1. Sort through His135, His114, His110 and tell me the only one that's out of contact with any Phe, Trp or Tyr (no Cβ under 9 Å at 6 or more places or on another chain), within 16 Å of the ligand (Cβ to nearest atom) and under 25 Å from Arg176 (Cβ atoms).
2. Go through segment 243-275 residue by residue and tally those that are in contact (Cβ under 8 Å) with a residue 60 or more places away in the chain and not in a loop (DSSP other than H, G, I, E, B).
3. Could you identify the single residue in Arg264, Arg199, Arg279 that is in contact with a His (Cβ under 8 Å, 6 or more places away or on another chain) and of a type outside the set (A, V, I, L, M, F, W, C)?
4. Restrict the check to segment 232-242 and report whether at least one residue is closer than 22 Å to Thr54 by Cβ, assigned to a helix (DSSP H, G or I) and within 16 Å of the ligand (Cβ to nearest atom).
5. Give me the pairs: first residue in segment 195-221 and within 20 Å of Pro40 (Cβ to Cβ) and among the basic types (Lys, Arg), second residue in a helix (DSSP H, G or I) and away from the ligand (no atom under 14 Å from the Cβ), beta-carbon distance under 9 Å, and six or more apart or on different chains, which are they?
6. Of the residues in segment 103-159, how many are closer than 16 Å to Asn212 by Cβ and in a loop (DSSP other than H, G, I, E, B)?
7. Can you name the number of the only condition in (1) at pLDDT 95 or above; (2) under 21 Å from Gly108 (Cβ atoms) that Glu260 fails?
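The values are calculated or read from the model by the stated rules, or taken from the named source; none is laboratory data. No experiment lies behind these values; they were computed from the predicted model shown. For neighbour counting, all protein chains shown are included, and Cβ atoms are generated from backbone atoms with ideal geometry for every residue, glycine included.
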Amino acid sequence: MKRFWLLLTALLTFASSGLASEGAAPAPGAACDAGPTAVPTVHSRSPAAPGRVTLTFDDGPHPGKTPRVLDLLREQQLTATFFLVGHAIRKNTFRLVQRMVAEGHTLGSHSYNHDVNMALRRSGPKAVEYVRGQHEVTQILIELALLAQSEVQFEQLFMRVFEEKQFRYLPSGKLRHWQQFANNHRALLNEQGYAPGKRPYPIVFSRPPGGNPYVAGGEKWQRDVYDEALRALGHVNVLWHSESGDTHPHKKHDFAFLTENLRRGARRGGVILIHDYIRTDALVSALGEMKRSGQVSIVPLTAPAQSKTTACSSEQLSVASNPGS
Ligand SMILES: [Zn+2]
């Protein structure tokens, strides 16, 4: 784990110097007064340098679709960040999580059950624990995926940590009790030789499903709930600068629409939101064009995450962010 943090520090340093040398200035309105309790957040008004792009893929792992994305990234020698949904990590997908790490990609949490309204399901401390549980349980599942050496073992680890008789979808009511699962997970890690406080893959980044409650329409009390959970988790909250459009109700299969959005996102720079299920030929075309142009460099998420020093308050973010995901 020490190696991970050294790597992260090195990447942050590299990214910082890279941004500085290119003279990237914060986007208009980016320099909000963050305040001491602001959640570090990458969002549409965070600094972005034209042509410096971070690829992010949401909603996996998917047994049929994620391998195509991984194959393409490998062919193009590119790395990305995958925001994983906890309940999608199963015996037929856990090896994809292993493959992501082996091929140099970054993992983040996209919640356990993709509840886009998680911050308004409950009130008070229970609400915070529910949101926190969404990401804590996903982090545990990511680590079980990395530890398992067989399908049978993956399900055994799941049953042990989540105190179930068989592998199953965890109802949302259980997520609030994440602390018990975390204790079981800790005991497992101790047995496997992890020193106290060490774990296989500490998650640094998370992305709220649908961008909620930070997109237009989210209310302040909901953002307060989500912010409090993120502070407890210590996560960098990752929204996006631009999106591929692969969730658009009418145009998500439109080749020209998708490639133009990706082209525009590359010109602007920053974090591009994509999903594992994007039309493959559009992704192939757009990434190929980025590579051939010589104008675009794909950078790790640690680069735009530098902007966390200029994170805005959640109130300001609600205006700054775009709907999607
Ligand atoms: Zn999503």
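1. His114
2. Number of matching residues: 11.
3. Exactly one residue qualifies, and that residue is Arg279.
4. No, because not a single residue in segment 232-242 is closer than 22 Å to Thr54 by Cβ, assigned to a helix (DSSP H, G or I) and within 16 Å of the ligand (Cβ to nearest atom).
5. Correct list of pairs: Lys220/Ser314; Lys220/Glu315; Lys220/Ser318.
6. So the answer is 10.
7. If we test Glu260 against (1) at pLDDT 95 or above; (2) under 21 Å from Gly108 (Cβ atoms), just (2) comes out false.
Residue-wise test of (1) among the aromatic types (Phe, Trp, Tyr); (2) within 16 Å of the ligand (Cβ to nearest atom).
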{"residue": "Pro61", "(1), (2)": "no, yes"}
{"residue": "Gln76", "(1), (2)": "no, no"}
{"residue": "Thr79", "(1), (2)": "no, no"}
{"residue": "Phe83", "(1), (2)": "yes, yes"}
{"residue": "Arg95", "(1), (2)": "no, no"}
{"residue": "Val101", "(1), (2)": "no, no"}
{"residue": "Met118", "(1), (2)": "no, yes"}
